[in-house]
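The values are calculated or read from the model by the stated rules, or taken from the named source; none is laboratory data. Source: prediction; values computed, not measured. All Cβ positions, glycine included, derive from the backbone under ideal geometry; neighbour counts span all protein chains shown. Heavy atoms of the whole protein, side chains included, go into the accessibility calculation; ligands, DNA and RNA do not. Shrake-Rupley method; radii C 1.70, N 1.55, O 1.52, S 1.80 Å.
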Amino acid sequence: MPVDALLASGRSHPWFRKLTALGFQPATGIRMTAAAVTPMAVGQAIGLTEAGVLVGVGGLFVSFLDSGGAYRQRARVMLWAALAIALSGAFGVLAASHGIWAGIALFGIAFSTGLCGAFGAVAESASLFVLIAFIVSQNSPGNASDAMLRFAGLATGGIWATLVSLMLWPLRPYGPQMDAVAECYR
């Protein structure tokens, strides 16, 4: 395929190899951009800018947790993170309406997310986004319907990021292996 040949020639260029040796990951950047910007652009196009931003933020948070590896493990991590972030955002909207309880809830969320580091780096990273979703959601107090809308927006963004990462992206699943074999023959 001409696209495969173009991608292979770009990957074999010396400057690209130097950048990837330093940790440059263009595919990750493109996935994160698609997970965050696409919902925002769609929301803007249909006149639902705030909803698009909310879905985009949910997608951005979850796309940060795409660490590669086995698809089943990635799906499990990303979907659980999407659920936790969405619940935290909804809880933040509800807690913000109740004065002193908002501070107590913030203490509880911050304390529990701080303890998540004991479960590994992935749990620690996910807990950071759970805490951020809670704090940001406290800026817009509301009732149960507002909390459900916050939950739906953040969860939709997380599911979108998971779909981008696992289903829409692997157009060339064996691309790196094919490039490595081609390099051996060169």
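Points 7 angstrom from Cα along the Cβ direction at LEU83 and GLU183: gap in nanometres?
The modelled label-to-label distance comes out at 3.9 nm.
Take region 45-86, compute every pairwise Cα distance, and split them into 10 Å bins from 0; I just need the percent in each bin.
28, 44, 22, 6
Which percent of the accessible heavy-atom area of region 56-186 goes to carbon and sulfur, probe 1.4 angstrom?
Accessible surface attributable to carbon and sulfur in region 56-186 totals 74 percent.
Who wins for biggest fluctuation among SER145, SER165, SER127 in a Gaussian network model of the chain, springs between alpha carbons below 10 Å?
SER145
To test your reading of the geometry: what angle, between 0 and 90 degrees and rounded to tens, separates the Cα axis of helix 175-185 from the longest principal axis of the chain?
The helix 175-185 is inclined about 20 degrees to the chain.
Using Cα atoms only, what is the angle between the long axis of helix 144-163 and the major principal axis of the chain, expressed in degrees (0 to 90) to the nearest 10?
Between the helix axis and the principal axis of the chain, the angle is about 10 degrees.
Provide the three semi-axes, in whole Å and in decreasing order, of the ellipsoid equivalent to region 28-186 as defined by the square roots of 5 times the Cα gyration tensor eigenvalues.
Sorted largest first and rounded, they come to 33, 20, 10 Å.
Ignoring ligands, DNA and RNA, what accessible area per residue does the chain give at 1.4 Å, in Å²?
Dividing the accessible area of the chain by its residue count gives 61 Å².
Go ahead and set up a Gaussian network model of the chain, Cα springs under 10 Å, then flag whichever of ALA86, ALA126, ALA70 fluctuates most.
Its mean-square fluctuation being the largest, the pick is ALA70.
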